[in-house]
Amino acid sequence: MTDVSYKPIQHRLEKDHKRLSEQLDEIRARRSSEKRREGSPFGKREEEATETADLENMMAQEQCIIDQLTNIEVALKKFEAGTFGICEKCRQPIEVVRLEAMPTAKLCMNDARKNVR
């Protein structure tokens, strides 16, 4: 497999990284503005519960994006190191079809199946 076949995947990872970074910035800005918003200390319990749920959802969303960004950054570093598309377990090439479907894949299909069992 040549490096050329991975160029569209690398481009996609770079685009996804940019998009997710922007989403993360938006979530953090929203959360920051929520913290600054002062409410009455005598607010209704329902409102407090809703605000808490909203904050928890925002934090879960933030963590999900951070996890995705981390996986993308690992994949992009593999491009730099020349190890992208190599299974971390058996050191054989990961199927291009698998990488197209999941560009952050670390294992080939054979080893991924073994990990599930």
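Step through the residues of the range 70-86 one at a time and calculate ³J(HN,Hα) from phi using the Karplus curve (6.51 cos²θ - 1.76 cosθ + 1.60, θ = phi - 60°), rounding each to whole Hz and writing x for Gly and Pro.
4, 5, 5, 5, 4, 5, 5, 5, 5, 4, 4, 7, x, 10, 5, x, 10
Which entries in Lys18/Lys106; Lys18/Lys114; Lys18/Lys89 show an alpha-carbon gap greater than 27 Å?
Checking Cα-Cα distances, Lys18/Lys114; Lys18/Lys89 exceed 27 Å.
With unit charges on the beta carbon (Lys/Arg positive, Asp/Glu negative), name the residue among Ala112, Ile86, Met102 whose Cα is farthest towards the positive pole of the charge dipole of the range 75-117.
Farthest towards the positive pole: Ala112.
Report the trypsin sites (Lys or Arg not before Pro) located in the range 45-79 that are in a DSSP loop and have at most 14 other Cβ atoms inside 10 Å of their Cβ, or state none.
Filter output for the range 45-79: empty list.
Read-outs throughout are calculated quantities, based only on the coordinates presented, and are distinct from any laboratory measurement. Predicted, not measured: the structure shown is a model, and the values here were computed from it. Glycine also receives a Cβ, built like all others from the backbone with ideal geometry; neighbour counts cover every protein chain displayed.
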